[in-house]
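Input: a single structure, listed below in structure tokens.
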Amino acid sequence: MSQTQAQQKALAIQKSIRQAEDNLVQWIETALEEGEYKKSGDKKLEESQFRNLLRVAETTESPEVIKNFLRYQVGREDKWGRGEGSLAEKIIHDIDHNLRIQAGEIRQSTNYDNLNKIWVQLIRLYLGYGSRRLKYLNYLAETESDRKNQQLKK
């Protein structure tokens, strides 16, 4: 394969990944809305924990390493929730199903050999959007808490 062909294939893959971004955002927002995890108090899930997971994703080419780190975090504390229905399990399910299927479709449409490379790129984007969404959800929770505290003081 010539350098030009390789560049064209890389551009096609990136274009397909960009076209999948709406799905990624919807999947992580659904996981955050429906998943059980600590949303308030001292043990609430902070953006920093999500960013730590994203950092692991950025330093590996293995979806299994990413899931392993998330399970390690669940074992340390229950900020991510525990068991079926937890945010952690919803994320792992998305990685194994939605993101893997999407990666397979991109691989097939671009005739690219390396499924893992596409899959990990999708995981990184998905987790990045999750970090942003969690920041917003925590902001909303803090605003609501501040509003309630103001009403109690009256």
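The values are calculated or read from the model by the stated rules, or taken from the named source; none is laboratory data. Quantities reported herein were computed from a predicted structural model and do not represent experimental measurements. Glycine gets a Cβ as well: all are built from the backbone with ideal geometry, and neighbour counts include every protein chain shown. Areas reflect the complete protein model, heavy atoms only, side chains present, ligands, DNA and RNA absent. Shrake-Rupley method; radii C 1.70, N 1.55, O 1.52, S 1.80 Å.
Over 19 Å between C-alpha atoms is what I'm after, so list which of Lys90/Lys117; Lys39/Lys90; Lys39/Lys135; Lys79/Lys135; Lys44/Lys153 land there. Please list the in-between numbers first.
Working: Lys90/Lys117 22 Å; Lys39/Lys90 16 Å; Lys39/Lys135 11 Å; Lys79/Lys135 15 Å; Lys44/Lys153 25 Å.
Long pairs (Cα-Cα over 19 Å): Lys90/Lys117; Lys44/Lys153.
Which value, in Å², gives the accessible area per residue of the chain when a 1.4 Å probe is used on the protein heavy atoms? Display every interim value, and only then the final one.
Values: 9380 Å² over 154 residues.
Heavy-atom SASA per residue in the chain reads 61 Å².
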> To the nearest 10 degrees, how steeply does helix 63-76 sit against the main Cα axis of the chain, on a 0 to 90 scale?
Replying inline: 20
> When the accessible area of segment 100-153 is split by element with a 1.4 Å probe, what percent falls to carbon and sulfur?
Replying inline: 46
>> Taking θ = phi - 60°, what integer Hz values does the Karplus form 6.51 cos²θ - 1.76 cosθ + 1.60 yield along segment 2-7, in sequence order, with x for Gly and Pro?
In response: 6, 4, 5, 5, 5, 5
> Which parts of segment 120-136 would a label at Gln19 reach, counting a residue when its backbone N lies under 19 Å from a point 7 Å out along Cα-to-Cβ?
Replying inline: 120-123, 125-126
>> Can you list residues from other chains, or at least 5 along the same chain, whose modelled amide H is less than 5 Å from the amide H of Glu36?
In response: Ser86, Leu87
> Put +1 on the Cβ of every Lys and Arg and -1 on every Asp and Glu Cβ in the chain; which of Ile101, Asn138, Pro63 then has its Cα farthest towards the positive end of the dipole?
Replying inline: Asn138
> For Gln151 and Thr30, what does the FRET efficiency come to when R0 = 30 Å and r is the distance between their Cβ atoms, rounded to the nearest 0.05?
Replying inline: 0.45
>> Positive end of the dipole of segment 23-148, charges at C-beta (+1 Lys, Arg; -1 Asp, Glu), about the Cα centre: which of Gly81, Thr110, Leu24 has its Cα farthest in that direction?
In response: Gly81
>> Once the convex hull of the alpha carbons of the chain is built, what does its volume come to per residue, in cubic angstrom?
In response: 112
>> To test your reading of the geometry: what angle, between 0 and 90 degrees and rounded to tens, separates the Cα axis of helix 47-58 from the longest principal axis of the chain?
In response: 10
> Using +1 on the beta carbon of Lys and Arg, -1 on that of Asp and Glu, and nothing else charged, what's the dipole of the chain about the Cα centre, debye to 20?
Replying inline: 460
> Out of segment 1-106, which GluC sites (Glu not before Pro) are coil in DSSP terms and have no more than 13 other C-beta atoms within 10 Å?
Replying inline: Glu61, Glu77, Glu84
